[in-house]
Each structure stands twice: as C-alpha cells, then as structure tokens.
1. Give the angle, between 0 and 90 degrees and rounded to the nearest 10, that separates the Cα long axis of helix 6-20 from the longest principal axis of the Cα atoms of the chain.
2. For a quick check: with amide H placed at 1.01 Å from N, whose amide H comes under 5 Å from residue 62's, ignoring anything fewer than 5 positions away on the same chain?
3. Defining a contact as two alpha carbons under 8 Å apart and six or more residues distant in sequence, what relative contact order in percent does the range 50-136 show?
4. Taking amide H positions as placed in the peptide plane 1.01 Å from N, state which residues far from residue 69 in sequence (5 or more) or on other chains have amide H under 5 Å from it.
5. According to a simple spin-label model (label point 7 Å from Cα along Cα-to-Cβ), what is the distance in nm between residue 231 and residue 191?
6. On a 0 to 90 degree scale, rounded to 10, what angle separates helix 207-219 from the longest Cα axis of the chain?
7. Given 0.36 nm per residue, what is the gain on full extension from residue 146 to residue 27 after removing their alpha carbon distance, in nm?
8. ³J(HN,Hα) across the range 133-148 via Karplus (A = 6.51, B = -1.76, C = 1.60, θ = phi - 60°), whole Hz, x for Gly/Pro?
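No lab work stands behind these numbers, since they all come straight from the coordinates. Quick caveat: nothing in here was measured; it's all calculated off a predicted structure. Glycine gets a Cβ as well: all are built from the backbone with ideal geometry, and neighbour counts include every protein chain shown.
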Amino acid sequence: MKKNSWLYVIFLCFMMIQCSTGQTPGSFRKELFIGMAGDTLPYRIFIPRKAPAGKVPLVIFLHGSGERGKDNEKQLRNGVMHFIADRNQKKYPCYVVAPQCPEGKRWLENDFRLPYSRQPEKISLPLGLVKQLTDSLVEFLPIDPSRIYITGLSMGGFGTWDLITRFPDYFAAAVPVCGGGDDSLAFKLTAVSIWAFHGLLDDVVMPSRTENMVNGIRKSGGTPRCTLYPDLGHACWEETYADPELLQWLFSRKKEQP
C-alpha cells in the first residue's frame, strides 16, 4: 500500500486510533471513514468477541440500493447479520465491515436493469472508498490478508463483481447475490473462488447477468459455483446467507500467498 501522501499518512494514523480504541467486541460499531481525498464513507464494523490467537478473516458486505443513505444503520437490514450470529461466530470468528453507499450513488455506476453492461473505466467513488477502507483495516487490525472475503446483494452484488474484476488477486473468495458484471472481463476471475446466487424469478435484475458471468469464467478455465433458485425472485439473499454450507465453504477459502 502506497504511503506517499502526507494526507494519507495522517489518515492512516487516524484509522489506527479509531480501530484500536473504544471497540465493543461482539457488536457493530458505527464509524466514518475519511479517504485520501477527504471523501467520507459511513460504515459499521463488527469485532469478534473471542478471536483466536493470530489473524482472523475479514468479511466485506455490500448492501443493496434500498439501504443507501447516511444514517449508518440501513445497511444492516438484509443478510449481513447472519455473519455475526453467535452460532456462526463460534465456528467462524471474523471481522465484518458493512459500508453504506450514499443516496444518488451506486457501488457500480451502471443500469442494473440492462441485460449487459460494460465496466466503467474508473471505479465508483463509494467502491473506491471501500477498497481504501479495507486496505487500512488490514494494515492496523489482526486481519489475515489471505482470507479477505467479499459479498453483496443486488446493487452490492454488482459491486462485488466489479471489485473482484478490478482486484482479482486481492480476495480469497466472493459471494455475489442477484448481481451481475461485465462478462467480457470474466477471464480475469478464473483464479478467484466464487459462489454466485440468483433467483430465476427475479424481475429486477435478470438472472442471465449472473449466468453470463459464471459461464464466461468457466469458458476461460475457472470453476465458480452457482446456485439458481427456481422458486425465488430478487430477494433471494435470506435463503443464501442462511445456508450453513455457504459459510463452511466461504471460510475454508484461502488465497495463495506469492
């Protein structure tokens, strides 16, 4: 991580203080991230109650479009609470970070209703801040850099596909739910552990958006997993995150270190 800006150095020191003091283990703490250019991003961070010795995984959760805002609360409505449930934390202790995208912005600035879209040349401002935030947390918290996981639903599913396409060597695994990406770039994801989910009755985001990404990766030699629910629509995420097999799979993924 480059540290060639005095502003960034100040920011990192600020983050170190924020992440190491006043935390309440076992609960989501409200925080405000300040990026390198002074932009801000509300986020919640969960600190495991009884983390094992050494470093532990990090789960990044990207919410859908209905949870945008600045209250730093709505992003916890759907899906993410499964990761911090006592029964799951006992098996899979981890840090969980849930940033909140502001109103009028998207994790990926594309029309999700289209059957296909190209990846924008530049990463969106909110998603760029998520990457900066993740870098800072890995720098100053006992997070295992070989076990950084990302998941998201709907708009967050698009953000998940976008981020792993831009940084395929960064994440140990990804779980995009009812999202989509630029399938012309699927060849970049052959080495990424991916389990994608979509409801075949989805009338908000076409299921083909997930199918096209998965098929593109497979044609390039990758082996992503894909679950298509025949009887579910857009809001398939509760079924997804409640599946114990998903968590077992996710936390078994580990990125090979160079």
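1. It is inclined by approximately 90 degrees.
2. When sequence neighbours closer than 5 places are left aside, the close amide H contacts are 151, 152, 153.
3. On the way: 87 pairs, mean separation 26.7, N = 87.
With pairs under 8 Å counted, the relative contact order is 31 percent.
4. Long-range HN contacts for residue 69: 101, 103.
5. For the pair residue 191/residue 231, the computed spacing is 4.2 nm.
6. 90 degrees
7. Numbers: separation 119, 0.36 × 119 = 42.84 nm, distance 2.41 nm.
Taking residue 146 through residue 27 to full extension adds about 40.4 nm, to one decimal.
8. Rounded to whole hertz, the list is 4, 4, 4, 5, 5, 5, 5, 10, 10, x, 9, 6, x, 8, 9, 9.
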